[in-house]
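S.K.: Would you mind keeping the following structure in view while I ask a few things?
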Amino acid sequence: MARPKEFDPDQALDAAMQCFWEHGFEATSMSVLTKRTGVQKASLYATFGDKQALFRKALARYQDASLERLRARLHDGATALDDIRGFFGDVVKHSTGDGAKRGCLCVNTAIELAPHDAEVADLCRRHTERVEQLFESALDKAIAAKELPRNFDSAATARFLVATLHGLSVAAKATPSTKRLKDILAVALSVLDH
């Protein structure tokens, strides 16, 4: 008969995600993971697989949570454009607050691993596409509400908004200045002024 798990796999996965987010994949050793999760190496392997499998599961958890936050935020304000602007305002606040130097786990992963890990590159690509779809849907809603002109290119603008989101993450890691990020954001979101 199998022994019951002596730890909560969800809590361990959350702890591992935080560890990878702070240090990156390469700099996160199994000893760091066991210390942070409070779970022995053999139990981590038995539950999640090797370090790469654990990382991919942690990345998927991060992606799911970030998509859910974006989805909720894009249905939060009076108008679709208010929702988009509010979301980016939240990004600036988060990027200059506690933990600002961590940036975005997806962006960090795309930079660190995607160039030489096809599976991770695919995870990053699919996540980016889902974020683009959420922005595109919000922009289509703004077009339907006559906040934007009928000929507004929501697909191209959604891609631009994702690039802006990624750029803010990188800029905040280098120089977490609220003023600098707000300046970048003001110029980027001027694409929505019609």
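The values are calculated or read from the model by the stated rules, or taken from the named source; none is laboratory data. Note that the structure is predicted; figures quoted are calculated from it, not measured. Neighbour counts run over all protein chains shown; Cβ positions are idealised from the backbone, glycine included. Protein only, heavy atoms only, side chains kept; ligands, DNA and RNA dropped before computing areas. Shrake-Rupley method; radii C 1.70, N 1.55, O 1.52, S 1.80 Å.
S.K.: Is it true that some residue in segment 137-155 is under 30 Å from residue 20 (Cα atoms) and over 13 Å from the mean Cα position of the chain (by Cα)?
M.R.: Going residue by residue through segment 137-155, those that are under 30 Å from residue 20 (Cα atoms) are none.
So far as segment 137-155 goes, no, none of its residues is under 30 Å from residue 20 (Cα atoms) and over 13 Å from the mean Cα position of the chain (by Cα).
S.K.: I'm checking my understanding of the structure. Among residues of segment 23-38 that are in a helix (DSSP H, G or I) and not β-branched (Val, Ile, Thr), which one is least open to solvent (accessible area, probe 1.4 Å)?
M.R.: Let us first name the residues in segment 23-38 that are in a helix (DSSP H, G or I), namely 23, 30-37.
Filter again for not β-branched (Val, Ile, Thr), leaving 23, 30-31, 33, 35-36.
Details: 23: 91, 30: 28, 31: 78, 33: 0, 35: 174, 36: 97 Å².
Here the residue is 33.
S.K.: Can you say whether residue 55 is in a helix (DSSP H, G or I), closer than 17 Å to residue 32 by Cβ and either of a type outside the set (Asp, Glu) or touching a Lys or Arg at 6+ places or on another chain (Cβ under 7 Å) (or both), as far as the supplied structure shows? Lay out the reasoning, then the answer.
M.R.: On the way: in a helix (DSSP H, G or I): yes; closer than 17 Å to residue 32 by Cβ: yes; either of a type outside the set (Asp, Glu) or touching a Lys or Arg at 6+ places or on another chain (Cβ under 7 Å) (or both): yes.
Criteria met by residue 55.
S.K.: For segment 72-129, what are the residues that are among the acidic types (Asp, Glu), touching a helix residue (DSSP H, G or I) at 6+ places or on another chain (Cβ under 8 Å), modelled with pLDDT of 90 or more and open to solvent by 40 Å² or more (accessible area, probe 1.4 Å)? Give the steps one after another, and end with the answer.
M.R.: Taking segment 72-129 first, the residues among the acidic types (Asp, Glu) are 76, 82-83, 90, 98, 112, 117, 119, 122, 129.
Subsequent filtering for residues that are touching a helix residue (DSSP H, G or I) at 6+ places or on another chain (Cβ under 8 Å) retains 76, 83, 90, 119.
Those still in the list that are modelled with pLDDT of 90 or more too: 83, 90, 119.
Within segment 72-129, 90, 119 qualify.
S.K.: I've got another one for you. Considering only segment 130-144, state which residues are touching a residue at least 40 places away in the same chain (Cβ under 8 Å) and either open to solvent by 80 Å² or more (accessible area, probe 1.4 Å) or over 18 Å from residue 86 (Cα atoms) (or both). Talk me through it step by step, then tell me what you get.
M.R.: Of segment 130-144, the ones touching a residue at least 40 places away in the same chain (Cβ under 8 Å) are 130-131, 134-135, 137-139, 141-142.
Selection gives 130, 141.
S.K.: Only one residue in 48, 20 is buried (at least 18 other Cβ atoms within 10 Å of the Cβ) and either touching a residue at least 40 places away in the same chain (Cβ under 8 Å) or closer than 22 Å to residue 184 by Cα (or both), so which one is that?
M.R.: On the way: 48 fails: either touching a residue at least 40 places away in the same chain (Cβ under 8 Å) or closer than 22 Å to residue 184 by Cα (or both).
Checking each option against the conditions leaves just 20.
S.K.: Step by step: first the residues of segment 156-183, then only those that are of a type in the set (A, V, I, L, M, F, W, C), at pLDDT 95 or above and surrounded by 14 or more Cβ atoms within 10 Å (Cβ to Cβ), then the one that is nearest to residue 103 (Cα to Cα). Which residue is that?
M.R.: Of the residues in segment 156-183, the ones of a type in the set (A, V, I, L, M, F, W, C) are 156, 158, 160-163, 165, 168, 170-172, 174, 181.
The next check asks that each one be at pLDDT 95 or above; those that pass are 156, 158, 160-163, 165.
Retained after the next criterion (residues that are surrounded by 14 or more Cβ atoms within 10 Å (Cβ to Cβ)): 158, 160-162, 165.
On the way: 158: 21, 160: 19, 161: 17, 162: 15, 165: 11 Å.
Among those that are of a type in the set (A, V, I, L, M, F, W, C), at pLDDT 95 or above and surrounded by 14 or more Cβ atoms within 10 Å (Cβ to Cβ), it is 165.
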